[in-house]
Amino acid sequence: MTRRKSRAELEEWLVAVDRLLIKEREHAISPSTVPPATDDTVIWTMRLSTFQRDLEGLIDVLVSSPGRWVFILEPGESDRYLQMLVYEDGSIFAEAVSNSFLEGPDRLSTGEEAALGVIGWNEPRLPDEPNWWAVQATIYPDTSELGRLILATLESVYGLCGSDLVTGRLFDSPRRGDTPASSSGWPIMKSDVEGEEDYTGETAYWTGEELESKTRAELAAIARDLLLEVPRGATKAQLLELIFGKAEEYDDGEESGAL
């Protein structure tokens, strides 16, 4: 495997990534179960210090590019790895390998497992999530937070320093399905909106997919019914941001115990 350490070689790799991202692919599901769809896999190796500068920017590129992308990071010669699935709507599912897939000296110690939880990973939940996992179930992912989580894992848990090498692989996959954003219910009840009462007797919530399928006029009506101030000439993207922002307020209220 070619060892690429210089800034010029990093830029060469980014050009290769750009070429790959031009090809829109179809994909979905956890990266734990996704094989490469084609031979169009970009592979590079660089020092961690170089990778630190460009990680957040790379995630931003994947979020804004068409297709669904699997990005895998392998530290040094270890069998440990981190990986993320970036969906075309911007939502992201990330994993840090668990002891279910590690043997011998690569297995995580009790202290390392505890550290993964402290820095922000969720514990494995068999059989659905066999690895440590984190999700950005929104079309507006916090890529800086995800970058922080990945770098903290490489440095604080895996013990890498700036001169250590990290190998990355990027590829697309052929499957398509729900995304974390589209499959999660937004905490805004449909019954809050005129004409969208739930007659089943159960609380019904918007999903991200349902909201994104609405026209601009429909979104404006929903925003007004939620007592949101709709700017004149607001675009569909701006209206979605308004409504999703309201959903986040509801989330904060529930977490704090507010009524």
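What is the percent carbon and sulfur in the accessible area of segment 41-126, measuring with a 1.4 Å probe over the protein chains and ignoring ligands?
49
Could you work out how far apart the two model spin labels at Glu241 and Ala217 are, taking each label as a point 7 Å from the Cα in the direction of the beta carbon, and quote it in nm?
2.5
Compute the accessible area per residue over segment 61-148, keeping the other protein chains in place, probe 1.4 Å, unit Å².
Accessible area per residue, segment 61-148: 43 Å².
Using the Cβ atoms and a cut-off under 13 Å, what net charge is assigned to the surroundings of Arg107, where Lys and Arg are +1 and Asp and Glu are -1?
Details: positive: Arg80; negative: Asp79, Glu103, Asp106, Glu112, Glu113.
Summing Lys and Arg as +1 and Asp and Glu as -1 gives -4.
If each of Glu77 and Asp60 carries a label point 7 Å out from its Cα toward its Cβ, how far apart are those two points in nm?
Label-label distance for Glu77 and Asp60, simple model: 3.7 nm.
What full-extension length gain, to one decimal in nm, is calculated for Thr110 and Asp128 as 0.36 nm per residue of separation minus the Cα-Cα distance? Before the final figure, lay out the partial values.
Values: separation 18, 0.36 × 18 = 6.48 nm, distance 2.21 nm.
Length gained between Thr110 and Asp128: 4.3 nm.
The values are calculated or read from the model by the stated rules, or taken from the named source; none is laboratory data. Predicted model only: the values in this text are computed from it and were never measured. Glycine gets a Cβ as well: all are built from the backbone with ideal geometry, and neighbour counts include every protein chain shown. With ligands, DNA and RNA removed, areas are computed over all heavy atoms of the protein, side chains included. Shrake-Rupley method; radii C 1.70, N 1.55, O 1.52, S 1.80 Å.
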